[in-house]
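S.K.: For reference, the structure I am asking about is given below.
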Amino acid sequence: MKRKIAILAIVISMAVLLSGCWNRRELDELGIVLGLGIDKVDDEYLVTLQVVSPGEVASKTSSGQRTPFVVYQEKGENLFEAIRRVTTISPRKMYLSHLRIVIIGEELAREGISEALDLLSRDHEARSDYFIAISKETRAEQVLKVLTSLENIPANKLYSSLETSEKTWAPTFTVTLDELIADLVSDGIYAKLTGVIIQGDIQRGEHLENVQQTKGRTELKYEGIGVFKGDKLAGWLDEDESKGLTYSLDEVDSTIVKVKCQEEGKAGIEIVRSNGEIKAQVKNDIPKGTITVQAEGNVGEVECRSLDLTKANTLTQLEKKVEEDIKTKIEKTVTAAKEKYESDIFGFGEALHRSHPDYWKKAKKEWAHRFAEMPVEVKVNVKIRGVGTIVDSPLNKMKDE
């Protein structure tokens, strides 16, 4: 009898503890935030929230006369205050668990982003798998107001576009909150974020007409990588320098390299596999860095009238030209990082920390200066594995005729 009473008591206790969720909230009580913009205006944080409009997203119920998202904005002395203040204009509480993209205004990035990141890393509701980018030459609020084609929600467009361009083009790369914070707190590598610009008229981009034609008047485009020194944006890498950085950091999945032919025209080589490695050594108390890139590619396009791909020597010549192109880009990036910004965006400091910990203890406090004077050797090896579905270019046949 006592045993039965004890079992009954346990069952009742479990039923009480496991029934329901103490802090549950219904979907119709929440504003699902997919995009978050952070700017600094008049010494206050300006928060821009891109919130899904459920009725307009569902294709069967969409009126087509309203945007599929709503933008809310508020100011505050800190982000937490500004986001909570949005409840004075929104009928729902903002919910950050489904964030896709966070855009930081360039002006704020140049002042420093560590304080702005505190809320994002501390908030228990928000996951850390969203991407972070910088609005280049404009405010984050303006980026999140532009309507986009193909993707109804601009935050989804920004997320997918950054992910796709990283995999297929290379002068951009994705950074999550955890990755950004890890770079910011590290002594041996500096942070970097991809920039996003607005092409076209900013005001027109906010109207439905922008997506009611075959080509939008205003578009969002990723351009360049922002280099940080500490938590402050120091400047921008151009497209070639950005590619040089992603090659070095082993962030290139695929890209295109254009090389000149001996006479006229160009050939396009598709890089299908790339491996980058950063190493650092110390000799006589002097550090030296090495960047090694191993890549494989295929001939993707031929505009040359005298390029015979049936000869092994032709592929060897193309390989050398691709190697020189990649090496030049990396060396250009190294020069910019050392001379313009004194910012070790490559992570040579981390490499030294692993290989020469005793030296690193002495050098880390003045590493920016030592990095600027450190020689860096670049080694590139490229192998072309395929020439596509045809060997001879149609241009050669036209020439023969």
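The values are calculated or read from the model by the stated rules, or taken from the named source; none is laboratory data. None of the values given here were measured: they were computed from a predicted structure. Methodologically, a virtual Cβ is constructed for each residue, glycine included, from the backbone with ideal geometry; neighbour enumeration extends over all protein chains shown. For the accessible areas, the whole protein counts, side chains as well, though only heavy atoms, and no ligand, DNA or RNA atoms are used. Shrake-Rupley method; radii C 1.70, N 1.55, O 1.52, S 1.80 Å.
S.K.: Considering (1) open to solvent by 80 Å² or more (accessible area, probe 1.4 Å); (2) at pLDDT 95 or above; (3) not hydrophobic (A, V, I, L, M, F, W, C), say which one residue 2 fails and leave the rest.
M.R.: Going through the list (1) open to solvent by 80 Å² or more (accessible area, probe 1.4 Å); (2) at pLDDT 95 or above; (3) not hydrophobic (A, V, I, L, M, F, W, C), residue 2 breaks only (2).
S.K.: Also, I was wondering about something else. List the residue pairs whose Cβ atoms are under 6 Å apart, where the first residue sits in region 295-307 and is of a type outside the set (D, E, K, R), the second is in a loop (DSSP other than H, G, I, E, B), and the two are 6 or more positions apart or on different chains.
M.R.: Between residues of region 295-307 that are of a type outside the set (D, E, K, R) and residues that are in a loop (DSSP other than H, G, I, E, B), the close pairs are 299/387; 299/388; 302/393; 304/261; 304/265; 306/263; 307/261.
S.K.: Still on this structure, I have one more. Yes or no: region 86-93 includes at least one residue that is part of a loop (DSSP other than H, G, I, E, B), modelled with pLDDT of 90 or more, under 15 Å from residue 175 (Cβ atoms) and open to solvent by less than 70 Å² (accessible area, probe 1.4 Å).
M.R.: No: zero hits.
S.K.: Under the condition of being of a type outside the set (A, V, I, L, M) and under 17 Å from residue 251 (Cβ atoms), which residue from region 187-206 is nearest to the chain's Cα centre (by Cα)? Even if it seems obvious, please write down each step before you answer.
M.R.: Residues of region 187-206 that are of a type outside the set (A, V, I, L, M), as a first pass: 187-188, 190, 192, 194-195, 199-201, 203-206.
Still in the list and also under 17 Å from residue 251 (Cβ atoms): 190, 192, 194-195.
On the way: 190: 15, 192: 9, 194: 5, 195: 8 Å.
Looking at the filtered set, the residue picked out is 194.
S.K.: Please determine whether any residue of region 296-315 is at pLDDT below 95, open to solvent by less than 70 Å² (accessible area, probe 1.4 Å) and in a helix (DSSP H, G or I).
M.R.: yes
S.K.: Pull up region 97-111, narrow it to residues that are touching a residue at least 40 places away in the same chain (Cβ under 8 Å) and open to solvent by 10 Å² or more (accessible area, probe 1.4 Å), then point me to the one that is nearest to residue 201 (Cα to Cα).
M.R.: Top of the filtered list is 106.
S.K.: Sticking with this structure for a sec: Check region 208-225 and report whether any residue there is of a type in the set (S, T, N, Q) and under 12 Å from the mean Cα position of the chain (by Cα). So that I can check it myself, show each step before the final result.
M.R.: Going residue by residue through region 208-225, those that are of a type in the set (S, T, N, Q) are 210, 212-214, 218.
Now narrow it down to the ones that are under 12 Å from the mean Cα position of the chain (by Cα): none.
No: zero hits.
S.K.: Follow-up question, since we're still on this one. For the structure I just gave you, tell me whether residue 193 is open to solvent by less than 30 Å² (accessible area, probe 1.4 Å) and under 29 Å from residue 278 (Cα atoms). Can you show your working first?
M.R.: Working: open to solvent by less than 30 Å² (accessible area, probe 1.4 Å): yes; under 29 Å from residue 278 (Cα atoms): yes.
Yes: the conditions hold for residue 193.
S.K.: Looking only at region 168-190, which residues are open to solvent by 40 Å² or more (accessible area, probe 1.4 Å), of a type in the set (D, E, K, R) and closer than 21 Å to residue 355 by Cα? Please lay out each step first, then the result.
M.R.: The initial filter retains those residues of region 168-190 that are open to solvent by 40 Å² or more (accessible area, probe 1.4 Å), namely 168-169, 178-179, 181-182, 184-185, 187, 190.
Applying the additional criterion that residues be of a type in the set (D, E, K, R) yields 178-179, 187.
The answer is 187, and nothing else.
S.K.: Looking at (1) closer than 27 Å to residue 283 by Cα; (2) modelled with pLDDT of 95 or more; (3) more than 23 Å from the chain's Cα centre (by Cα), can you tell me which one residue 320 breaks?
M.R.: (1)
S.K.: I'd like the full set of residues that are basic (Lys, Arg), surrounded by fewer than 16 Cβ atoms within 10 Å (Cβ to Cβ) and under 21 Å from residue 334 (Cα atoms), limited to region 232-278.
M.R.: Within region 232-278, just 232 meets the criteria.
S.K.: Another question, if that's okay. Return the residues of region 146-167 that are touching an Asp or Glu at 6+ places or on another chain (Cβ under 7 Å) and surrounded by fewer than 21 Cβ atoms within 10 Å (Cβ to Cβ); say none if nothing qualifies.
M.R.: 160, 167
S.K.: Just need a number here: residues in region 380-395 that are at pLDDT below 95 and either surrounded by fewer than 17 Cβ atoms within 10 Å (Cβ to Cβ) or among the hydroxyl-bearing types (Ser, Thr, Tyr) (or both).
M.R.: Within region 380-395, residues that are at pLDDT below 95 and either surrounded by fewer than 17 Cβ atoms within 10 Å (Cβ to Cβ) or among the hydroxyl-bearing types (Ser, Thr, Tyr) (or both) number 10.
S.K.: Please pick out the residue among 116, 126, 133 that is at pLDDT below 95 and open to solvent by less than 10 Å² (accessible area, probe 1.4 Å). Can you show your working first?
M.R.: Values: 126 fails: open to solvent by less than 10 Å² (accessible area, probe 1.4 Å); 133 fails: at pLDDT below 95.
None of the other options fit; the residue is 116.
S.K.: When the residues of region 236-272 are filtered to those that are assigned to a strand (DSSP E or B) and under 16 Å from the mean Cα position of the chain (by Cα), which remaining residue is nearest to residue 304 (Cα to Cα)?
M.R.: Looking only at region 236-272, we keep the residues that are assigned to a strand (DSSP E or B), and these are 236-237, 255-260, 266-272.
Filter once more, keeping what is under 16 Å from the mean Cα position of the chain (by Cα): 236-237, 255.
Values: 236: 35, 237: 31, 255: 20 Å.
Going through the qualifying residues, I end up with 255.
S.K.: When you go through 377, 342, 319, 323 one by one, which is the residue that is closer than 27 Å to residue 234 by Cβ, of a type outside the set (A, V, I, L, M) and either open to solvent by less than 70 Å² (accessible area, probe 1.4 Å) or free of Cβ contacts under 8 Å to residues at least 60 places away in the same chain (or both)?
M.R.: Numbers: 377 fails: either open to solvent by less than 70 Å² (accessible area, probe 1.4 Å) or free of Cβ contacts under 8 Å to residues at least 60 places away in the same chain (or both); 319 fails: closer than 27 Å to residue 234 by Cβ; 323 fails: closer than 27 Å to residue 234 by Cβ.
After ruling out the rest, the residue left standing is 342.
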